[in-house]
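What follows is a set of notes on a single structure, which appears directly below.
Just so it is clear, none of the values below were taken in a lab; they were calculated from the coordinates. As the structure is a prediction and not an experimental result, all values here were calculated from the model.
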Amino acid sequence: MKAKWLVALALVSLSAVAGFDEAVAQQKWKAVATSRPTPQFALWTWLGEELDKRTNGQVKLDVLSLPEIGLTGFELVRVTRAGLVDVSDIILSYVAGDVPIIEGVDLPGLFPDLDTSVKAHVDFMAAIKKSEDKLGGIVLGGYLWPGQYIFSRKPVRSPADLKGLKVRVYGTAQAEFARALGMEPVSIAFAETYTALERGTVDAAFTGTYPGFALKFYEVTKYLVDVSHGPVAGTFVLSKRTWDRLSPDLRAALIKLGEEFSQRGWEVGRRTTQEGIDKNKEKGMEFIPITPAMASLTKDVVSKVVLPSWLKRSGPDAKAIFNQYLAPHSGIRLP
């Protein structure tokens with residue numbers, strides 16, 4: 001009940017900050033993106049600049065970050081569906097509780113390498129669009145966060161070192177992945193993770209290599225650990241209420257803009273994965289690469305725990321969607 005009240009208060013606050021009335025929204029759109037210090041945030045500022053330019057000033061985009069309006073990102077499906085924002089940065093793993101099937105492409109450990117994961121995410125955009133009614137808007141583009149690694153206060157050199165490690169997670173699949181590896185998952189918003197690590201509320205955290213650097217996790221952790229998790233996706237979603245009042249010309253312009261957004265978005269995820277590793281090492285963190293034993297454990301956990309659970313909670317269409325969009329990249333085909 002307390003959580004519901006907090007969400008309600010955040011939505012009221014968002015409406016107040018944004019000034020959401022029909023007349024204003026037609027001229028000035030409000031966007032919510034995840035975290036201002038990260039390179040991914042630049043995608044949204046670029047989007048605002050291009051919207052202004054390509055509509056001859058007809059549409060201006062005001063971009064706020066989640067912490068600035070007191071949201072965590074887990075509520076964005078409801079916020080978008082309610083029309084409280086025009087543009088949402090919806091991270092698939094964050095909203096998997098509302099729309100489980102879209103988390104398929106972000107299942108931890110599903111793909112063998114970064115290049116394969118990027119190709120899978122590009123293909124899976126068609127599957128995400130099939131869930132637009134549940135997301136509350138039109139999916140116009142996608143992007144990647146860097147590969148997700150463990151920022152740890154303790155060394156993790158073997159699977160045995162994972163046992164009992166309290167780790168920050170987000171999303172259902174990641175929590176199951178962590179638990180199956182022997183860790184104790186704790187759901188914490190990204191903006192609150194630094195403090196949780198600093199205070200010892202958690203021993204470690206899953207996050208992207210560069211976002212962890214941007215929020216200075218190197219100050220409160222010593223080890224950056226690869227467990228072959230892979231990157232995760234965010235999406236550029238325009239609220240259905242906003243889309244419905246657009247002219248055909250403006251819709252066409254937005255579709256084209258979304259394609260360009262995606263091209264930039266896939267590349268920023270690829271680039272910032274290694275940049276994040278390098279920058280954290282420069283700050284004194286020890287990078288622990290994937291070991292054969294850890295890779296074997298991850299593969300076992302994905303096939304026996306993570307994938308079956310996703311299929312169960314995603315409904316009858318999940319198997320066909322997996323085989324069409326993900327099997328060609330994962331090397332796993334469901335019978």
Fraction in percent of alpha-carbon pairs per bin - 5 Å, the stretch 252-335: 3, 10, 12, 12, 14, 19, 16, 10, 4, 1
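If you wrap a convex hull around the alpha carbons of the stretch 235-288, what volume per residue comes out, as a whole number of Å³? Numbers along the way, then the final one.
Values: hull volume 5.1 nm³, N = 54.
Output value, Cα hull per residue: 95 Å³.
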Cα-only Debye scattering, the stretch 195-304: base-10 log of I(q)/I(0) at q = 0.09, 0.12, 0.14 Å⁻¹: -0.40, -0.63, -0.76
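Using only Cα atoms, figure out Rg for the stretch 119-223 and give it as a multiple of 2.2 N^0.38 Å. The partial results should precede the final answer.
On the way: Rg = 15.8 Å, N = 105, 2.2 N^0.38 = 12.9 Å.
Taking the Cα Rg and dividing by 2.2 N^0.38 Å, one obtains 1.22.
Taking a 28 Å limit on the Cα-Cα distance, which of the listed pairs Lys119/Lys166; Lys119/Lys312; Lys53/Lys279; Lys53/Lys281; Lys163/Lys216; Lys134/Lys216 fall beyond it?
Lys119/Lys166; Lys53/Lys279; Lys53/Lys281; Lys134/Lys216
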Convex hull volume per residue for the stretch 109-154, taking Cα atoms only, in Å³: 121
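Would you mind giving the average projected area, over all directions, of the Cα convex hull of the stretch 50-146 in nm² with one decimal?
Details: hull surface 29.4 nm².
Average of the hull's projected areas for the stretch 50-146 equals 7.3 nm².
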Estimated [θ] at 222 nm from DSSP helical runs (n ≥ 4, -39500 (n - 2.57)) normalised by residues in the chain, nearest 500: -13500 deg cm²/dmol
q = 0.17, 0.20, 0.24, 0.30 Å⁻¹, the stretch 193-252: log10 I(q)/I(0) [Debye, one scatterer per Cα]: -0.66, -0.78, -1.02, -1.29
Between 0 and 90°, nearest 10: helix 2-18 axis offset from the chain longest Cα axis: 40
Cα-based reach from Lys304 at 19 Å (exclusive), listing aspartates and glutamates while leaving out same-chain residues under 8 positions away: Glu103, Asp106, Glu176, Glu184
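Determine by what factor the alpha-carbon radius of gyration of the chain differs from 2.2 N^0.38 Å, reporting the quotient. Intermediate results must be reported in sequence, preceding the final value.
Details: Rg = 19.4 Å, N = 335, 2.2 N^0.38 = 20.0 Å.
In units of the globular-protein estimate, the chain measures up at 0.97.
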